[in-house]
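*Asks:* Structure incoming, see below.
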Amino acid sequence: MTVKLNENQMRAVKHSDGPMLVLAGPGSGKTMVITHRVKHLLDNHIVHPENVLVITFTKASAKEMKDRFVHLMHDQPQSKGVVFGTFHSIYFRIIRRHYGYDIQNILKEEAKIEVFRKIIRSLMIEVGDEYEFIKEIISELSQMKGDLIDVKYYHPYSCSRDQYVDILQAYENYKRLKHLIDFDDMLTICWHLLEHNQEVLSHWQNKFKYILIDEFQDINRVQYEIIKKIAEPSNHLFIVGDDDQSIYQFRGAKPEFLLKFTDDYSNADTTILNYNYRSTSEIVYHSNQLIRNNTNRKNKEMKTINHKGVPPVIIELVDSEEEALRIGQELLKLSQTKQVDFSDMAVIYRTNLQARALMDVLSDMNIPFTVRDKMGTIYDHWITKDILAYLRLARNCNERLSLSRIINKPNRYISKSKLELCLRSSHIWHALHQQYEEQKWMVQRLDELKGHFQVLRKIPPSAWIPYIRTKIGYDEHVKSYADFKKMSHKGLMEILDELHDSTSGLSSIETWFDHIEKVQEHIHSNTGNKHHQSCVTLSTMHSAKGLEFTLVWIIGANEGIIPHQKSNREKEIEEERRLFYVAMTRAKELLYISHLKNRHDETVVPSRFIQEIKIKA
C-alpha cells in the first residue's frame, strides 16, 4: 500500500545534503518520515546502505524503526545494510572495534547495584535507605559523565563531596581490576577515543556519512559531541525531535541542543511536521492552548485532519479515594458496553505516589491493570517497610527482621553489635535487657518501645500511622533523615499521608497485609506479561511518552502535583507544562482530566494548566 506524504513530510524526505532539523509534533508520522528518508537516500542519492546510520533512544524503537524500514523496502537485500541502533549500541560498537571489548566486559545494572552496596558498606557510610542512596549515586554519576564534567568541578547532592569522591574512586578501581565498563563508560570512552585518535575518527566518518537521529530533544552533551565529530566534515545530519516533548532534563537531556541546532549549523534546512494524525480536533486544539504558554520553544501550531470529537472532560472530585472509585466505575462501564477495551485505556499521573488509591480500587474491582514504571509502588518504599515493620511487631514483638529494621527509627541508641548478638538469642527482649541492665534509661527505652507495640495492637487502623508518627516519633526520624540528605522532607511526609489514607476502612493489621499482598500480586502478575488478558495501563507522564490510547485519564491535576511543588523557576514550570502536554497528546479519542478538592485533609486548588487549556471546569 502506497502511503501519501503531506507537503512538509515530503520536503523532509527529499532533503538533499547537509544538516536538517525536522520539528515533529505528537502523532505527526516521524517514524514514517525517517524510514522514507532512508529509502530516498538509497533510491535517489545512490548512497550505500552501510553508510547510513539511524539512531533512536531505546532498543525497542530501534527494532520497530528497522522492521518498518525493511517492510517499506519489501525485504530488498540492500535494506539489510542500513545500521539501526541506540546511542549506546553504536558507541559500544566503536570502542569494541578499537579496544576489543566484548559483551562480557559490560557491567550489568543489577550487578552494578551490588558493587555500590559493597563499596558503601566498606566505606562505612551511614545511610537511611541503602537502595535509595545507591540509586541517587548512580544517577549523579551518570549525569556527571553525560555532561563531561570532571569530578573536581562537580558538586554532589546525594552525599558530601568527600564521600562522593571516595565512592567514585572505589567504583572506578573495581571496574579497572575486573576489566569492566558500564553504560556511561560506553559514551565517555568513545568520546575520548574520537577526540584523541584521528585515524579512528576518520574511519567512522567514512563509515557513517548520513546520520538520522530520532527524539533529538532527549540527547545529552556527550552523545551530541560524539555525533558532531562523526558527522564532520559533510554534516549530513538529519535530526527529528520536538522541543515541546522534552521531559527528561532530570536525566541529563539537553533540549537546547535542538533549539540551537540552527546556530551550530547555520546552513541547516528546517521543516515542521505539524499535522497530528493521532488525536481528534478537540484534543489537538486544547493541547495547543496549553503548550503555547511556554516561551522557550520553537513556534508551531499543531493541526489535524481528524474528526472534531468531544472536548476533554474536566472533573472535580473530593479526594483521591473518590477519584479512584470514579475512574474504576467509568472504565468498567466503557469496557462492559464495549465502547473501549481495557488495553486501549490509560491512567496517567505525575508521580508514582498518586497511583496508590487507583491500584487499591482497581484491584478491589478486579479490573486488570499493568504498571509501566519499574520504580515500584508506594508499598515498595522504605518508609512503608518501616511502618509495616512496626505493625508486624505489634502482632509479634519477637520478629527479628522487623525489630532490626526499626529499633533505631527514631534513634534509641541501641548498639548495632549488641542488637545483632541479642537477635541470635531465643529470648530477644530478655537478652536486650541484660545488655543494658547497668543503664536504666536504656532499659526504660526498650520497655517503652515494647509498650508502643501493645498500643498499636489495640487501637483502630485509622490511628496506626498517626500514633507511629507522633507518639513514637517517626516524623522526627524522617525529618532528621531529610536534613542529613539536604533535601525537603515534604515528599517523605506525603508518603506517610498517603499510607494513612490507605488504612481507611480496614478492620485489622492482617486485613492491610492481605490487601497489600493482593495489590502486589496483581501488579506482578500483569506487568510485563504480553500474553495476559487486556489491561488498563497505569503510567507516570514520563513513561507514557511514545504511547497512544483511545482513552486517557490524567489524575490529580492540582497545584503542587502538576506543576510539582519542587518546580518553582520558570524553566521548571515549562518542563511541567511539557509533561502535561505529553500526557494530553497520548489520547486519540477521549481525554479525562480530574482534580481534587482535598488532599491529605488539606484544601487544594486546580492546576494552572486546566485554566490554560481554556476549558471551563
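The values are calculated or read from the model by the stated rules, or taken from the named source; none is laboratory data. For clarity, every value in this text was computed on a predicted model and none was experimentally measured. With ideal geometry, Cβ positions are generated from the backbone for all residues, glycine too; neighbour counts draw on all protein chains shown. Ligands, DNA and RNA are excluded from the accessible area calculation, which covers all protein heavy atoms including side chains. Shrake-Rupley method; radii C 1.70, N 1.55, O 1.52, S 1.80 Å.
*Asks:* Placing unit charges on C-beta atoms (Lys and Arg positive, Asp and Glu negative, everything else neutral), compute the dipole magnitude of the chain about its Cα centre in debye, rounded to 20.
*Replies:* 640
*Asks:* Another question, if that's okay. Based on the mean of other beta carbon atoms within 10 Å per residue, what is the order of 237-246, 67-76, most packed first? Mind showing how you got there, number by number?
*Replies:* On the way: 237-246: 24.8, 67-76: 13.9.
Answer by packing, highest mean first, reads 237-246, 67-76.
*Asks:* Further, regarding this structure: Percentage of Cα-Cα pair distances in region 417-510 greater than 24 Å, rounded to whole percent?
*Replies:* Counting every Cα pair in region 417-510, those more than 24 Å apart make up 42 percent.
*Asks:* Another question about this same structure. Relative to the compact-globule scaling 2.2 N^0.38 Å, provide the ratio for the alpha-carbon radius of gyration of region 36-114.
*Replies:* 1.33
*Asks:* To continue, here is another question. Which entries of K135/K298; K228/K566; K518/K566; K118/K152; K178/K486; K229/K254 have Cα-Cα distances beyond 26 Å here?
*Replies:* Going by Cα-Cα distance, K135/K298; K228/K566; K518/K566; K178/K486 fall outside the 26 Å limit.
*Asks:* Each label point is 7 Å from the Cα along the Cα-to-Cβ direction; what then is the distance between the points at N6 and W429, in nm?
*Replies:* 7.2
*Asks:* Tell me the mean residue ellipticity at 222 nm calculated for the chain from its helices only (DSSP H runs of n ≥ 4, each -39500 (n - 2.57), averaged over every residue, nearest 500).
*Replies:* That calculation yields -15000 deg cm²/dmol at 222 nm.
*Asks:* Compute the relative contact order of region 374-461 as a whole-number percentage, counting only Cα pairs closer than 8 Å that sit 6 or more residues apart in sequence.
*Replies:* Averaging sequence separation for qualifying contacts and normalising by length gives 30 percent for region 374-461.
*Asks:* Within straight cross-link reach of K108, meaning Cα distance under 12 Å, which aspartates and glutamates are found once same-chain residues fewer than 8 apart are removed?
*Replies:* Excluding near neighbours in sequence, the set is D182, D184.
*Asks:* Name all residues of region 1-42 having a backbone nitrogen under 20 Å from the label point set 7 Å from the Cα of N294 along its Cα→Cβ direction, giving them as ranges.
*Replies:* So the set is 21-31.
*Asks:* How many percent of Cα pairs in region 93-155 exceed 13 Å?
*Replies:* Counting every Cα pair in region 93-155, those more than 13 Å apart make up 71 percent.
*Asks:* Using a basic spin-label model with each label point 7 Å from the Cα along Cα→Cβ, how many nm lie between Q163 and V605?
*Replies:* 3.8
*Asks:* Multiplying the sequence separation of E572 and K518 by 0.36 nm and subtracting their Cα-Cα distance, what value in nm do you get?
*Replies:* On the way: separation 54, 0.36 × 54 = 19.44 nm, distance 3.74 nm.
Contour length minus the Cα-Cα distance gives 15.7 nm.
*Asks:* Would you be so kind as to identify which of S89, I113, F257 lies farthest towards the positive end of the dipole of the chain, taking Lys and Arg as +1 and Asp and Glu as -1 on Cβ and the Cα centre as origin?
*Replies:* So the residue we want is S89.
*Asks:* Using the beta-carbon distance between F484 and N44 and R0 = 56 Å, what value does 1/(1 + (r/R0)^6) give for FRET efficiency, to the nearest 0.05? If you can, show how the numbers build up before the last one.
*Replies:* On the way: r = 63 Å, r/R0 = 1.12.
Taking R0 as 56 Å, the efficiency between F484 and N44 is 0.35.
*Asks:* What shape does region 183-262 have by the C-alpha gyration tensor, where a ≥ b ≥ c are the square roots of the eigenvalues, rounded means a/c under 1.5, and otherwise prolate means a/b greater than b/c and oblate the rest?
*Replies:* Note, shape of region 183-262 comes out oblate.
*Asks:* Could you order the peptides 273-280, 607-614 from most to least packed, using the average number of other C-beta atoms within 10 Å per residue?
*Replies:* Going by the mean number of other Cβ atoms within 10 Å, highest first, we get 273-280, 607-614.
*Asks:* Okay, next question. Just subtract the alpha-carbon distance of K228 and T337 from 0.36 nm times their residue separation and send over the number in nm, one decimal. Let's see the in-between values first.
*Replies:* Details: separation 109, 0.36 × 109 = 39.24 nm, distance 5.39 nm.
Gain on extension, K228 to T337, equals 33.8 nm.
*Asks:* Ok, one more. Relative to the longest principal axis of the chain, what angle (0 to 90°, nearest 10) does the C-alpha long axis of helix 570-584 take?
*Replies:* Here the helix axis deviates by roughly 80 degrees.
*Asks:* How large is the dipole of region 247-287 about the Cα centre if only Lys and Arg carry +1 and Asp and Glu carry -1, each at its Cβ, rounded to the nearest 20 debye?
*Replies:* Result for region 247-287 is approximately 200 debye, rounded to the nearest 20.
*Asks:* If you don't mind, another one. So what is the relative contact order for the chain, in percent, with contacts set as C-alpha pairs under 8 Å and at least six apart?
*Replies:* With pairs under 8 Å counted, the relative contact order is 18 percent.
*Asks:* Still on this model: Based on the alpha-carbon gyration tensor of region 55-98 and its eigenvalue square roots a ≥ b ≥ c, which shape applies: rounded if a/c is under 1.5, prolate if not and a/b is larger than b/c, or oblate?
*Replies:* Judged from the Cα gyration tensor, region 55-98 comes out oblate (a/c at least 1.5, b/c at or above a/b).
*Asks:* Name the residue from Q336, L362, T280 whose Cα lies farthest towards the positive end of the charge dipole of region 221-369, charges +1 on Cβ of Lys and Arg and -1 on Cβ of Asp and Glu.
*Replies:* The residue sitting farthest along the positive end of the dipole is T280.
*Asks:* So how strong a dipole does region 329-477 carry about its Cα centre when Lys and Arg Cβ are +1 and Asp and Glu Cβ are -1, to the nearest 20 debye?
*Replies:* In debye, rounded to 20, region 329-477 gives about 380.
*Asks:* Continuing with this model, one more query. Over 5 Å intervals from 0, what percent of Cα-Cα pairs in region 270-335 sits in each interval?
*Replies:* The distribution over region 270-335 is 3, 14, 16, 16, 15, 15, 10, 7, 2, 1, given as percents.
*Asks:* Taking 8 Å as the Cα distance limit and 6 or more residues as the minimum spacing, I'd like the relative contact order of region 155-253 as a percentage.
*Replies:* Averaging sequence separation for qualifying contacts and normalising by length gives 25 percent for region 155-253.
*Asks:* Moving on. Under 17 Å Cα to Cα from K308, which aspartates and glutamates show up? Leave out anything in the same chain fewer than 8 places away.
*Replies:* Straight-distance partners of K308: E282, E589.
*Asks:* If you fit an axis through the alpha-carbon atoms of helix 59-72 and take the longest principal axis of the Cα set of the chain, what angle between them do you get, 0 to 90°, nearest 10?
*Replies:* 30
*Asks:* By how many nm would the segment from R412 to V70 grow when fully extended, if each residue of separation counts as 0.36 nm and the alpha-carbon distance is taken off?
*Replies:* That works out to 116.6 nm of additional length.
*Asks:* Tell me, what is the FRET efficiency for E438 and N396 to the nearest 0.05, using R0 = 30 angstrom and their Cβ-Cβ distance as r?
*Replies:* Using R0 = 30 Å, I get an efficiency of 0.55.
*Asks:* Along the charge dipole of the chain, Cβ charges K/R +1 and D/E -1, which of S502, L193, M144 sits furthest on the positive end?
*Replies:* L193
*Asks:* Run a plain Debye calculation on the chain (Cα atoms as equal point scatterers, no solvent) and give log10 I(q)/I(0) at q = 0.06, 0.08, 0.09, 0.12 Å⁻¹, rounded to two decimals, same order as the q list.
*Replies:* Values returned for q = 0.06, 0.08, 0.09, 0.12 Å⁻¹ are -0.39, -0.69, -0.86, -1.36.
*Asks:* Separate question: According to a simple spin-label model (label point 7 Å from Cα along Cα-to-Cβ), what is the distance in nm between D150 and V318?
*Replies:* Distance between label points: 6.2 nm.
*Asks:* Keeping the other protein chains in place, figure out the carbon and sulfur percent of the accessible area of the chain, with a 1.4 Å probe. Before the final figure, lay out each step's value.
*Replies:* On the way: 14240 of 28960 Å².
After summing per-atom areas, the C and S share lands at 49 percent.
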